[in-house]
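The values are calculated or read from the model by the stated rules, or taken from the named source; none is laboratory data. Being a predicted model, the structure only gives us computed values, none of them experimental. When we count neighbours, we look across all protein chains shown, and the Cβ atoms used for this are built from the backbone with ideal geometry, even at glycine. The protein model used for the area step is the full one, side chains on, heavy atoms only, and it has no ligands, DNA or RNA in it. Shrake-Rupley method; radii C 1.70, N 1.55, O 1.52, S 1.80 Å.
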Protein chains: 2
Amino acid sequence: MTLQHLILGLLNYGPMSGYDLNKTFQASVQHFWDTDQSLIYRALYKMTDTGWVEYVQQVQEHLPNKKLYRLTEAGYAELHRWLAVPQPTLSFHEVWLGQLFFGAQLSNAELRTLLEARIASLRETLNVYENQVPENVSAFAEAFNAAEDMRYWLLTLDYGIFRLRGDLQWAERALRQLDE
Amino acid sequence: MTLQHLILGLLNYGPMSGYDLNKTFQASVQHFWDTDQSLIYRALYKMTDTGWVEYVQQVQEHLPNKKLYRLTEAGYAELHRWLAVPQPTLSFHEVWLGQLFFGAQLSNAELRTLLEARIASLRETLNVYENQVPENVSAFAEAFNAAEDMRYWLLTLDYGIFRLRGDLQWAERALRQLDE
DNA sequence: TGCATATATATGCTAGTGCATATATGAGAT
DNA sequence: ATCTCATATATGCACTAGCATATATATGCA
């Protein structure tokens, strides 16, 4: 259900179309929750059906019409209910750990390749988080006129960076241990 | 597809029934990949269909009959193909980060509750990883007569503990920052 | 006798995910 | 004149997940 709740959270800043929401996802929560355009539209149907959101057709000149979605009372209530309830911590479900678990089946060279690929990928993501995402977040804060909320957005970003650095550290240590 | 590949990896230690696999999951990879009994049975059908595994009916006295599954040549090949291919690092998809992102909507007390619940849950899991899981892993290594492979099992466990400690550290820091 | 538990497999139903593709308008570039 | 890109919404299909429930035998316990 989380996608729907993230949409509730974003619509709380103001009415948006599915297209806008997709853009907003990329500019804001994408660093911890990636999604797909089709999932957003389908979530919006479901939420309209449930009564959490409603829309008005917006006729546009020179552009296709759009559906402007906004929170209903019920949607606002659901957002606040969800926000305050501690969520169960889920299982890791990381594919690379599965590979490592059966690492005895692999040669040293193959294991190196796996770890090095992971390190490269983590570095790349870390670079995006440290350079690209802060810009997105600032632009997002300005567009939504929500300077105070930015503190929390940066907090989630801080977690992402902290976690990536930890994962990098661990992977580099594991790589060194492989040589012993 | 990962569940199927984890099953391939476990069947590589020897033939097992769906029931055995379920038990084995709980004793081995459960700390990074939880699953359900029904998913294992359905995965086995699919894999039989694909030709990765095959089974023989095992008639038992005093107990229900079982299907003993084992790897086919194709299954063994698929396991090794999969093991050596670096997997893309996925997005975090952590629900609690979504809550934190919209933290400006919450009171200080509600935020405290969220972080404290997370800390308690992380501590609990850490306790299991540090005390319970090593026993499971040892028992598993003995049962499967795979003392060498245990090194890698402990490596994945080490990651889990490392990560939980990091997450705890971060959550505790965030809680302190909340008081400022 | 009745109830819980372990062994063992299987199905039903609902929801969510991922990816590709369809459709349509208009703007700007080559 | 054509091609690409941005805006905007929607569907198809196959797979995956989660949870409940059905079925059957045998053992142990109260």
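For this structure, a couple of remarks:
- At 7 Å out from Cα toward Cβ: A:Glu148 inter-copy label distances (nm, ascending): 6.3
- Helix axis angle, A:18-27 relative to chain A longest principal axis, alpha carbon, degrees: 40
- Total accessible surface hidden between B and A, rounded to 100 Å², 1.4 Å probe: 6300
- Springs join every pair of Cα atoms under 10 Å in this Gaussian network model of chain B, and among B:Leu44, B:Leu106, B:Leu126 the largest mean-square fluctuation is at B:Leu106.
- Between 0 and 90 degrees, the angle of helix A:37-50 with respect to the longest Cα principal axis of chain A falls at about 50 degrees.
- Taken over the Cα atoms of segment B:95-178, the convex hull encloses 86 Å³ per residue.
- Spatial offset of segment A:130-167 relative to segment A:70-95 amounts to 20 Å, using the alpha carbon center of each.
- Note on B:Tyr45: accessible area is roughly 130 Å² with a 1.4 Å probe, heavy atoms of protein only.
- Charge tally for A:His93 (other residues, Cβ to Cβ under 12 Å; Lys, Arg +1; Asp, Glu -1): -3.
- Neighbouring Cβ atoms from other chains, within 10 Å of the Cβ of residues in B:79-85, number 5 on average.
- Most mobile listed residue (B:Thr24, B:Thr89, B:Thr48) in chain B, GNM with C-alpha springs under 10 Å: B:Thr89
- C-alpha long axis of helix B:108-127 to longest principal axis of chain B, angle in °: 40
- Lysines whose Cα lies under 20 Å from that of B:Lys66, excluding same-chain neighbours fewer than 8 positions away: B:Lys23, B:Lys46
- A:Glu130, B:Glu148, ranked by accessible area, largest first (probe 1.4 Å): B:Glu148, A:Glu130
- Relative contact order %, chain B, counting alpha carbon pairs below 8 Å whose residues are six or more apart: 23
- Per-residue mean of C-beta atoms belonging to partner chains within 10 Å, peptide A:103-111: 4
- Take A:Thr50, push a point 7 Å out from Cα through the beta-carbon direction, and compare it with the same point in every other copy: 3.2 nm, smallest first.
- Ranked from shortest, the separations from the 7 Å Cα-to-Cβ label point of B:Asp36 to its equivalents in the other copies are 2.1 nm.
- Selection from A:Met150, A:Ile161, A:Ala174 lying farthest towards where the dipole of segment A:95-178 points positive, charges on Cβ: A:Ala174
- Solvent-accessible area, 1.4 Å probe, carbon plus sulfur percent, for chain B: 50
- Residue order for B:Arg112, B:Arg81, A:Arg42 - accessible surface, 1.4 angstrom probe, largest first: A:Arg42, B:Arg81, B:Arg112
- In the context of the full set of protein chains, the protein assembly as shown has a per residue accessible area of 51 Å² (1.4 Å probe).
- Within a Gaussian network of chain B (alpha carbon springs, distance under 10 Å), most fluctuating of B:Pro88, B:Pro134, B:Pro15: B:Pro88
- Overall form of segment A:23-180 per C-alpha gyration tensor (a/c, 1.5; a/b vs b/c): prolate
- Surface accessible to a 1.4 Å probe, B:Asp20 within the full protein complex, Å²: 40
- Hull volume per residue, based on the alpha-carbon atoms of segment A:2-84 and their convex hull, is 92 Å³.
- Charge dipole magnitude, Cβ of K and R +1, D and E -1 - the protein assembly as shown, Cα centre, debye nearest 20: 360
- Each Lys and Arg adds +1 at its Cβ and each Asp and Glu adds -1 at its Cβ; summed about the Cα centre, chain B shows a dipole of about 240 debye.
- For the rotational copies A and B, the chain A residue with its Cβ nearest the relating axis, together with that separation in Å, is A:Gly166, 2.
- Of the whole protein surface, A:Phe140 contributes about 10 Å² of accessible area at a 1.4 Å probe radius.
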